[in-house]
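K.L.:
Sending over a structure as structure tokens; questions will come in a sec.
The values are calculated or read from the model by the stated rules, or taken from the named source; none is laboratory data. Only a predicted model underlies this, so the values are computations on that prediction, with no experimental measurement involved. Methodologically, a virtual Cβ is constructed for each residue, glycine included, from the backbone with ideal geometry; neighbour enumeration extends over all protein chains shown. For the accessible areas, the whole protein counts, side chains as well, though only heavy atoms, and no ligand, DNA or RNA atoms are used. Shrake-Rupley method; radii C 1.70, N 1.55, O 1.52, S 1.80 Å.
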Amino acid sequence: MTERAQEDTVSVTIENRIAWVSYNRPEKRNCMSPKLNRQMMKVLSELEFNPDVGVLVLTGEGVAFSAGMDLQEYFRDNEALGLGAIRKSQREAYGWWERLRWYEKPTIGMINGWCFGGAYGPLYAVDIAIASDDAKFGLSEINWGILPGGGASKVAQELMPLRKAMYHAMMGENLTGKQAEAQGLVTESVPHDELKARVIAIAEALLKKDPNALRATKWAMRRMVEMTYDNAEDYLIRTQEALNGFGGLEARKEATKQFLDDKTFKPGLGTFDITKVTK
Ligand code: ACO
């Protein structure tokens, strides 16, 4: 096959307010080349404030989620060009992972297959990660003589119990979806033929919630990782107060009315009707 144009390295479909963003180099197991990284940043930026999109799903075409960094185009070619090229390609990759970590909309990773090394950056960046039981997760770096850089070691250390993360990084053995779930790498693992339906169900549930409250919640969960209890408590007060000025007060008044006065919903059992919020 002739080499893909940059525009063809990522595919996008928007359906019912869900943006399906796929790594699109199935013939290369969706490994991340500099071209793909540039395109991914472009696509994410375009979708972030697109009013037709309420939830973003990141997945891969074919049998892989992503086989990590492209050993030819990301490593070998840039190393031949020197430090400037190496740094540029690192910034392009790390750049879109960071954008995704702090995305303005809820994000779901649909881990459909191989997920190696550098792919742990986007895996960590998504808010909710749903894997196929058949997916395979690996910090394969040790198998080809490097350490898990690009944040991959940090992802394992942050999400997995230390004993499991250490073994995972040192041994270069793969985990199945179910093992990844048990060790904290993903939210949940489901049979492959149920994967898409499960992701759609989660996306549809998220679409019914107040988007400002969701954004404040997901950012708080990440920010608090590095905070003391007291700092977190204070941060949450400030963030809720900021949220109030961002439509939060109206949303809360309406939700409280639907529960206490109209008796049309119970917060313990579901979400209030956000379509009734008046700005
Ligand atoms: N970099 C460059 N090319 C890759 C990569 C990669 N990370 N992964 C797959 N490819 C290429 C293969 O070289 C092959 O190319 P070719 O058709 O031109 O020969 C093509 O994609 C298909 O790959 P196969 O190995 O033939 O596919 P298979 O289904 O048998 O195996 C597997 C899939 C297990 C994912 C294998 O391709 C593999 O081990 N890839 C590397 C995984 C990895 O360790 N990635 C790096 C992690 S470390 C990091 O990201 C920093």
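K.L.:
Quick check on the stretch 186-196. Is at least one of its residues farther than 23 Å from residue 123 by Cβ and in contact with a helix residue (DSSP H, G or I) (Cβ under 9 Å, 6 or more places away or on another chain)? Reasoning before the result, please.
P.N.:
At the first step, the residues of the stretch 186-196 found to be farther than 23 Å from residue 123 by Cβ are none.
Checked the stretch 186-196: no residue is farther than 23 Å from residue 123 by Cβ and in contact with a helix residue (DSSP H, G or I) (Cβ under 9 Å, 6 or more places away or on another chain).
K.L.:
If I ask for residues that are away from the ligand (no atom under 11 Å from the Cβ) and either basic (Lys, Arg) or in contact (Cβ under 8 Å) with a residue 40 or more places away in the chain (or both), which ones from the stretch 33-46 would you list?
P.N.:
If the condition is that a residue be away from the ligand (no atom under 11 Å from the Cβ) and either basic (Lys, Arg) or in contact (Cβ under 8 Å) with a residue 40 or more places away in the chain (or both), then 34, 35, 37, 38, 40, 41, 42, 44, 45 are the ones that fit.
K.L.:
Another question, then. Let me confirm something: among 86, 108, which residue is in a strand (DSSP E or B) and away from the ligand (no atom under 12 Å from the Cβ)? Before the answer, list the steps.
P.N.:
Numbers: 86 fails: in a strand (DSSP E or B).
Answer to the check: 108.
K.L.:
Here is a further query. When the residues of the stretch 58-83 are narrowed to those that are within 23 Å of the chain's Cα centre (by Cα) and over 20 Å from residue 174 (Cβ atoms), which ends up nearest to the ligand (Cβ to nearest atom)?
P.N.:
Restricting to residues being within 23 Å of the chain's Cα centre (by Cα) and over 20 Å from residue 174 (Cβ atoms), the top hit is 74.
K.L.:
Among the residues in the stretch 158-165, are any among the acidic types (Asp, Glu), within 30 Å of residue 211 (Cβ to Cβ), touching a Lys or Arg at 6+ places or on another chain (Cβ under 7 Å) and open to solvent by less than 70 Å² (accessible area, probe 1.4 Å)?
P.N.:
Our first condition is that a residue be among the acidic types (Asp, Glu); within the stretch 158-165, this holds for 158.
Remaining after also requiring within 30 Å of residue 211 (Cβ to Cβ): 158.
So of that shortlist, the ones also touching a Lys or Arg at 6+ places or on another chain (Cβ under 7 Å) come out as none.
The answer is no, given that none of the residues of the stretch 158-165 is among the acidic types (Asp, Glu), within 30 Å of residue 211 (Cβ to Cβ), touching a Lys or Arg at 6+ places or on another chain (Cβ under 7 Å) and open to solvent by less than 70 Å² (accessible area, probe 1.4 Å).
K.L.:
Still on this structure: Could you list, in sequence order, all residues of the stretch 15-32 that are part of a strand (DSSP E or B), away from the ligand (no atom under 12 Å from the Cβ) and surrounded by 15 or more Cβ atoms within 10 Å (Cβ to Cβ)?
P.N.:
Applying the first criterion (part of a strand (DSSP E or B)) to the stretch 15-32 yields 15, 18-23, 32.
Filter again for away from the ligand (no atom under 12 Å from the Cβ), leaving 15, 18-22.
If the condition is that a residue be part of a strand (DSSP E or B), away from the ligand (no atom under 12 Å from the Cβ) and surrounded by 15 or more Cβ atoms within 10 Å (Cβ to Cβ), then 18, 19, 20, 21, 22 are the ones that fit.
K.L.:
Then there's this: Kindly indicate which of 92, 98, 79 is within 22 Å of residue 144 (Cα to Cα), assigned to a helix (DSSP H, G or I) and of a type in the set (Asp, Glu). Write out each step before concluding.
P.N.:
Working: 92 fails: within 22 Å of residue 144 (Cα to Cα); 98 fails: within 22 Å of residue 144 (Cα to Cα).
Only one candidate qualifies: 79.
K.L.:
Residues that are under 20 Å from residue 60 (Cα atoms), within 16 Å of the ligand (Cβ to nearest atom) and at pLDDT 95 or above, at least 1 per element: which strands (runs of 3 or more DSSP E) completely within the stretch 115-190 meet that?
P.N.:
On the way: elements: 128-132, 136-138, 188-190.
Where strands (runs of 3 or more DSSP E) fall fully within the stretch 115-190 and carry at least 1 residues being under 20 Å from residue 60 (Cα atoms), within 16 Å of the ligand (Cβ to nearest atom) and at pLDDT 95 or above, they are 128-132, 136-138.
K.L.:
Check 141, 173, 181 and return the single one that is in contact with a strand residue (DSSP E or B) (Cβ under 6 Å, 6 or more places away or on another chain) and not hydrophobic (A, V, I, L, M, F, W, C).
P.N.:
Working: 141 fails: in contact with a strand residue (DSSP E or B) (Cβ under 6 Å, 6 or more places away or on another chain); 173 fails: in contact with a strand residue (DSSP E or B) (Cβ under 6 Å, 6 or more places away or on another chain).
After applying the criteria, what remains is 181.
K.L.:
How many of the residues making up the stretch 166-194 are touching a His at 6+ places or on another chain (Cβ under 8 Å) and open to solvent by 40 Å² or more (accessible area, probe 1.4 Å)?
P.N.:
Matching residues across the stretch 166-194 total 0.
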